[in-house]
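Derivation of every value follows stated rules applied to the coordinates shown; laboratory data play no part. Being a predicted model, the structure only gives us computed values, none of them experimental. For neighbour counting, all protein chains shown are included, and Cβ atoms are generated from backbone atoms with ideal geometry for every residue, glycine included.
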Amino acid sequence: MQGNASTATTQPMIPLPHRILKVRRETGDVFSIETQPEGDESDFHFVPGQFNMVYVFGVGEVPLSISGDPARTHTLTHTIRSVGWVTQALKKMKKGDRIGVRGPFGTPWPFQEAAGNDVVIVAGGVGLAPLRPVIYKLLAEREQYGNISILYGARNPDDLLYGKELEKWRGRFDLHVDATVDSAKRGWMGNVGVVTQLIPKAISDPDNTLAMICGPEIMMRFTVNELQKQGIENSNIYLTMERNMKCAIGFCGHCQFGPEFICKDGPVFSYERVRNIFGKREI
Amino acid sequence: MKSLQPILEEHPFFKELEPKYFELLVGCASNVRFEAGEILFHEGDQADRFFLVRQGKVALEMAPPNKEPMIIDTVEEGLVFGWSWMVPPYQWHFDAHALTLVRAIAIDGKCLRKKCEEDHELGYELFKRFFSVVTERLQHTRVQLLDVYGAQV
Ligand SMILES: Cc1cc2nc3c(=O)[nH]c(=O)nc-3n(C[C@H](O)[C@H](O)[C@H](O)COP(=O)(O)OP(=O)(O)OC[C@H]3O[C@@H](n4cnc5c(N)ncnc54)[C@H](O)[C@@H]3O)c2cc1C
Ligand code: FES
């Protein structure tokens, strides 16, 4: 029998070694790495929304959302934007290199609440990565949901993540997929504008629609405003928050966000729960 | 020929407009069609009309100095664009070209300005509607300027 490489409940502070199987360039500064746990513990179970603490030996550890398919438990995928020490070190890694992984940690996206309702997914930039497992799961259980819309905004056409998959999803009859960019050169046939402009067309029954948002906080703020304008209740809006982390298990307080610890109370929150602290610069 | 009134009445921009105004609007309206790739107007041209898009997608472009033109906005079915007809010197501030086949209603700005001068209630009603479009676009432009997707998550 295969063991379970998810260490969140058994040894949450000990990184398990993973071997890199593949590094794929997604856009200029974004790449995905696919890894496999070493040894017997070759299965990794997670629910969409969860993240891992990924350790580059000798450099440091960072929280990264899982961006792969939850049904494929023998490999683990993270999609990463290189911004600093650890993420740049990850970008330099190759097939066969080793990293450490602790996790998975955190709360999942609300699938039970979404069942029977329309679902609108709004992603900005690299925020599509933590939502991709949601899309895989919704599609695997397609009959449990009403209309599903994926709305995606990026800076420009070159920054759109997962281009081939977006095309494939767009080709499905049971999915509404719309993308927009802030600006584009001539030749781009898609939308130009902000992602919030895509929202009105995607919502037909606001009382029975659940929204899941991921992107930079400022983008999520504008998105929440537009969803509210379209009549969606705060309790049906979910978003995922990011703060610096250290322990990832609610001990160190690094990720504190008002009264919440993002690592254990989140990262996925209902807007209703965080609305008094969301977007407050001092928090 | 069929009257354009039902089409105007159905367009979201004129939602809940008092029925008496449609007759006035029809007098300034014409049906237009642009093939994919066709230029609707260039920056600096006389802005003598505005458009209610019924079908298709229009790209609004600006050319930064010494650079290729960039698409800064796209406008689709159900939307309206062009407010330069309201403000002197009545010139377009961007280029517009059809990305797909576009069917639209063009409303003659000079004709409508005259009607608004004669009937200030109509003028006020239209200005309110355009003002909300302009504010929305301004808000979107500000968000685009903030580079929201590049920001730290
Ligand atoms: C729950 C959670 C899930 C996350 N999931 C992902 C994910 O799936 N993919 C991903 O790429 N990132 C994700 N992040 C963000 C990621 O953890 C940070 O980008 C990372 O910690 C940066 O570490 P670093 O050592 O590379 O940069 P540092 O050396 O710590 O920082 C260098 C510079 O980058 C800036 N910086 C730090 N973080 C970010 C950021 N997030 N965006 C832009 N600039 C930043 C800093 O302000 C600093 O100027 C997640 C964060 C959390 C809390
Ligand atoms: S990271 Fe330590 S409490 Fe959340």
Checklist entry - For the protein assembly as shown, what log10 I(q)/I(0) values come out of the Debye formula at q = 0.08, 0.11, 0.12, 0.13 1/Å, with one point per alpha carbon and no solvent? => result -0.53, -0.89, -1.01, -1.13
Next on the checklist: Rg/Rh for chain B to two decimals, with Rh computed the Kirkwood way over all alpha-carbon pairs.
Outcome noted: 0.99
Next on the checklist: Springs between alpha-carbon pairs under 10 angstrom, Gaussian network model over chain A: which of A:PHE173, A:PHE269, A:PHE257 fluctuates most?
Outcome noted: A:PHE173
Checklist entry - In peptide A:213-222, what is the residue-averaged number of other protein chain Cβ atoms found within 10 Å of each Cβ? => result 4
Checklist entry - Which of the trypsin sites (Lys or Arg not before Pro) found in segment A:112-196 are in a DSSP loop and have at most 16 neighbouring Cβ atoms, other than their own, within 10 Å? => result A:ARG172, A:ARG186
Next on the checklist: Given contacts defined as C-alpha pairs under 8 Å and at least six residues apart, what's the relative contact order of chain B, whole-number percent?
Outcome noted: 28 percent
Next on the checklist: How shielded is A:178-191 by partner chains, expressed as the average number of their Cβ atoms within 10 Å of its Cβ atoms?
Outcome noted: 5
Checklist outcome for this item: segment A:189-283: relative contact order from alpha carbon pairs under 8 Å, six or more residues apart, as a whole percent, is 24 percent
Checklist outcome for this item: Computed, not fitted: 222 nm per-residue ellipticity of the protein assembly as shown from DSSP H runs ≥ 4 (each -39500 (n - 2.57)), nearest 500, equal to -7000 deg cm²/dmol
Next on the checklist: Within 10 Å of each Cβ in A:149-161, how many Cβ atoms from other chains are there, averaged over the peptide?
Outcome noted: 1
Checklist entry - If one takes the longest principal axis of the Cα atoms in chain B, at what angle in degrees, from 0 to 90 and to the nearest 10, does the Cα axis of helix B:109-118 lie? => result 50 degrees
Checklist entry - Are there cysteines in chain B with no second cysteine's Cβ under 4.7 Å away, and if so, which? => result B:CYS116
Checklist outcome for this item: Note to self: C-alpha centroids of segment A:220-276 and segment A:117-185 sit apart, in Å, by 21 Å
Checklist outcome for this item: Rounded to the nearest Å, the spacing of the alpha-carbon centers of segment B:37-68 and segment B:74-153 is 12 Å
Item to check | Relative contact order of segment A:5-105, pairs being alpha-carbon contacts under 8 Å that are 6 or more residues apart, as % | outcome: 39 percent
Checklist entry - If we count other beta carbons within 10 Å of each Cβ, what is the order of A:MET93, B:MET70, A:MET212, fewest first? => result A:MET93, B:MET70, A:MET212
